[in-house]
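Asks: Please read through the structure below; I'll follow up with questions.
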Amino acid sequence: MSAPVIEVDDVWVRLRGQTVLEGVNLDIYPDDFYAIIGPNGGGKTTLLRVILGLLAPCRGEVRILGSTDAAMRKFLGYVPQFRTFDFQYPITVREMILSGRLGHITRRPRRYDEKDHARTEEALETMQITDLADRQVQDLSGGEQQRAIIARALVGDPKVLLLDEPTVYVDAPTEAQFYEILDRLRDQMAIVLVTHDIGVLPGHVTRVACLNRRLYTHDTAEITADMLEAAYHCPVDLIAHGVPHRVFPEHSREE
């Protein structure tokens, strides 16, 4: 088996006096399409921030390609939650994607070179938005903006693509196109997807884990009632008839 590209080793995080992550261990391998699900406030975004080096754990460590060196974070591509972007900022699609190369520029003064521009054109082509390159980001549809965001994450040639709730604000056709894109990209890099939309996962991901302060791992794409109950702390019914179905919490009815 190949060495992990990401190793999360006994990570603990406390914020405002509360334990947010407790003893989290996670290995991501080069061929992984790994989904992390769990309730709101369960620590999913916090875990991504720790992996990205944006938040320091109070205990434990994260290794990227076997190293704790912060410089290794340049091998991570990140797609944050859709609502965190200011799409009213006056910038073209090409300029936005090109800005994703800044972390790879070590020379002073920091100026883009031919390689940076070439990588930008490759990312535009990969996401099939070359025809949108000179348009203002604010003029794009939701699906087009999403493709541009992913292209910006890809322009740095990442070994791992991290995505935080990427389909929350898109419609069903756009979501289907999004997963088609990820299916193509998984041959080039590992993918870690944080999501609430568990209904479509079994048809795409290779492994899944539930996170609610503690991480409950599962080495297949199957989402079982037991693992959901462990993470959500309530009984659930899993309905399956050969196709993926959503999971609904089971609550007593008021008479």
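The values are calculated or read from the model by the stated rules, or taken from the named source; none is laboratory data. For clarity, every value in this text was computed on a predicted model and none was experimentally measured. A quick note on method: Cβ atoms are made from the backbone with ideal geometry, for glycine too, and the neighbour counts reach across all protein chains shown.
Asks: Among the residues in the range 22-36, are any over 19 Å from A70 (Cα atoms) and without any contact (Cβ under 8 Å) to a residue 60 or more places away in the chain?
Replies: No, there is no match, as no residue in the range 22-36 is over 19 Å from A70 (Cα atoms) and without any contact (Cβ under 8 Å) to a residue 60 or more places away in the chain.
Asks: Here is a list: R101, R110. Which entry is of a type in the set (K, R), more than 24 Å from T19 (Cβ to Cβ) and exposed (fewer than 12 other Cβ atoms within 10 Å of the Cβ)?
Replies: Answer to the selection: R110.
Asks: Pick from G43, G66, G77: which is surrounded by 13 or more Cβ atoms within 10 Å (Cβ to Cβ), small (G, A, S) and more than 21 Å from A151 (Cα to Cα)?
Replies: G43
Asks: Going by what's in this entry, would D10 be described as touching an Asp or Glu at 6+ places or on another chain (Cβ under 6 Å), surrounded by fewer than 21 Cβ atoms within 10 Å (Cβ to Cβ), modelled with pLDDT of 95 or more and assigned to a strand (DSSP E or B)?
Replies: The answer is no for D10.
Asks: Which ones in the range 13-24 are in contact with a Ser or Thr (Cβ under 8 Å, 6 or more places away or on another chain) and either buried (at least 19 other Cβ atoms within 10 Å of the Cβ) or among the polar types (S, T, N, Q) (or both)?
Replies: V13, V20, L21 - these are the residues of the range 13-24 that are in contact with a Ser or Thr (Cβ under 8 Å, 6 or more places away or on another chain) and either buried (at least 19 other Cβ atoms within 10 Å of the Cβ) or among the polar types (S, T, N, Q) (or both).
Asks: So which strands (runs of 3 or more DSSP E) are wholly in the range 27-130 and hold at least 2 residues that are of a type in the set (D, E, K, R)? Lay out the reasoning, then the answer.
Replies: Working: elements: 33-37, 59-64, 76-79.
So the answer is 59-64.
Asks: Testing A151 on (1) outside any strand (DSSP E or B); (2) touching a helix residue (DSSP H, G or I) at 6+ places or on another chain (Cβ under 9 Å); (3) under 23 Å from L26 (Cα atoms); (4) among the hydrophobic types (A, V, I, L, M, F, W, C), one condition comes back false. Which one is that?
Replies: So the condition that A151 fails would be (3).
Asks: Now for a different question. In this structure, does L55 turn out to be surrounded by fewer than 21 Cβ atoms within 10 Å (Cβ to Cβ) and not hydroxyl-bearing (S, T, Y)?
Replies: Yes: the conditions hold for L55.
Asks: Picking from L161, L193, which residue would you name as being in contact (Cβ under 8 Å) with a residue 24 or more places away in the chain, more than 24 Å from H117 (Cα to Cα), within 13 Å of the chain's Cα centre (by Cα) and not in a helix (DSSP H, G or I)?
Replies: Only one candidate qualifies: L193.
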